[in-house]
Amino acid sequence: MGIDLSEKALKVAQLHLLESRLPVRYEAISAEDLAAREPGTRDVITCMEMLEHVPDPSSTVAACARIARPGAHVFFSTLNRNPKSYLFAIIGAEYVLKLLPKGTHDYARFIRPSELAAWCRDSGLQVREFIGMHYNPISKRYSLGADCSVNYIVHCVREA
């Protein structure tokens with residue numbers, strides 16, 4: 001199942017679905033509303049590159065935790081809030097490389113790993129690992145590594 005509040009994003013996902021032919025259902029619903037409707041129903045939850053765009057990211061983290069079954073794996077990815085991430089994610093990606101439309105990101109909405117870890121723990125998620133995501137504009141490839149200073153992923157497990 002894939003969810004989003006953007007009809008445009010859901011239409012793009014539907015196009016990918018036609019190519020992949022995977023049994024995925026998409027729905028326009030918030031994580032909070034899905035958590036109220038279907039608590040404790042998922043084994044794996046991914047919330048990728050979204051938290052820095054929602055009004056209350058701690059609420060979204062809590063909703064993802066409620067959707068997860070005990071023992072489920074929950075993954076979040078977002079942007080770290082520091083000068084390097086401002087330089088790479090806003091100046092580099094939006095203005096220099098033009099990978100994203102200008103204004104896509106608001107630096108004040110970036111999330112430090114310590115903040116995300118606290119929201120996860122407060123929501124009953126055990127933080128297992130942080131890993132950095134890196135983009136090479138020359139090769140146009142992403143890779144994972146230890147450096148969480150710009151983009152990062154956190155892996156959590158829902159407490160039993």
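The values are calculated or read from the model by the stated rules, or taken from the named source; none is laboratory data. What you see is a predicted model, and the numbers here were worked out from it, not measured in a lab. Positions of Cβ are backbone-derived with ideal geometry, glycine not excepted, and every protein chain shown enters the neighbour counts.
Exactly one of (1) modelled with pLDDT of 95 or more; (2) among the hydroxyl-bearing types (Ser, Thr, Tyr); (3) over 16 Å from the mean Cα position of the chain (by Cα) is unmet by Ser30. Its number?
Single failed check for Ser30: (3).
Just to check your reading of the model, which residue among Tyr95, Tyr135, Tyr152, Tyr86 is of a type in the set (Phe, Trp, Tyr) and modelled with pLDDT under 95?
Answer to the selection: Tyr135.
For the stretch 117-129, state whether one or more residues are among the aromatic types (Phe, Trp, Tyr), closer than 17 Å to Phe76 by Cβ and outside any helix (DSSP H, G or I). So that I can check it myself, show each step before the final result.
Here is the first cut: in the stretch 117-129, the residues among the aromatic types (Phe, Trp, Tyr) are 119.
Now narrow it down to the ones that are closer than 17 Å to Phe76 by Cβ: 119.
From what's left, outside any helix (DSSP H, G or I): none.
Taking every residue of the stretch 117-129 in turn, none turns out to be among the aromatic types (Phe, Trp, Tyr), closer than 17 Å to Phe76 by Cβ and outside any helix (DSSP H, G or I).
From Ala117, Ala108, Ala93, which residue is closer than 25 Å to Asp43 by Cβ and among the small types (Gly, Ala, Ser)? Lay out the reasoning, then the answer.
Values: Ala108 fails: closer than 25 Å to Asp43 by Cβ; Ala93 fails: closer than 25 Å to Asp43 by Cβ.
Result of the check over Ala117, Ala108, Ala93: Ala117.
Of Ser149, Ser143, which residue is hydroxyl-bearing (Ser, Thr, Tyr) and assigned to a loop (DSSP other than H, G, I, E, B)? If you could, list the steps in order and put the result at the bottom.
Details: Ser143 fails: assigned to a loop (DSSP other than H, G, I, E, B).
Just a single option satisfies the conditions, and that option is Ser149.
Starting from residues that are more than 16 Å from the chain's Cα centre (by Cα), under 24 Å from Ala68 (Cα atoms) and not acidic (Asp, Glu), keep the ones in the stretch 130-160 and report whichever is surrounded by the fewest Cβ atoms within 10 Å (Cβ to Cβ).
My answer is Ala160.
Which pairs turn up if I take residues in the stretch 94-119 that are more than 16 Å from Asp56 (Cα to Cα) and look for partners that are among the basic types (Lys, Arg) with beta carbon separation below 8 Å, at least 6 apart in sequence or on another chain?
Note: pairs meeting the criteria are Glu94/Lys102; Tyr95/Lys102.
Any residue that is closer than 30 Å to Glu38 by Cβ and assigned by TED's automatic domain parsing to the domain that holds Met50 - is there at least one of those in the stretch 78-98?
Yes, the conditions are met somewhere in the stretch 78-98.
Which of the residues belonging to the stretch 99-112 are surrounded by fewer than 13 Cβ atoms within 10 Å (Cβ to Cβ) and within 22 Å of Gly132 (Cα to Cα)?
The initial filter retains those residues of the stretch 99-112 that are surrounded by fewer than 13 Cβ atoms within 10 Å (Cβ to Cβ), namely 101-103, 106, 108.
The answer is Asp106, Ala108.
Here are some residues: Glu115, Glu94. Which one is under 15 Å from the mean Cα position of the chain (by Cα) and surrounded by 14 or more Cβ atoms within 10 Å (Cβ to Cβ)? Explain how you work it out, then say what you get.
Numbers: Glu94 fails: under 15 Å from the mean Cα position of the chain (by Cα).
Step by step, each of Glu115, Glu94 is checked, and only Glu115 is under 15 Å from the mean Cα position of the chain (by Cα) and surrounded by 14 or more Cβ atoms within 10 Å (Cβ to Cβ).
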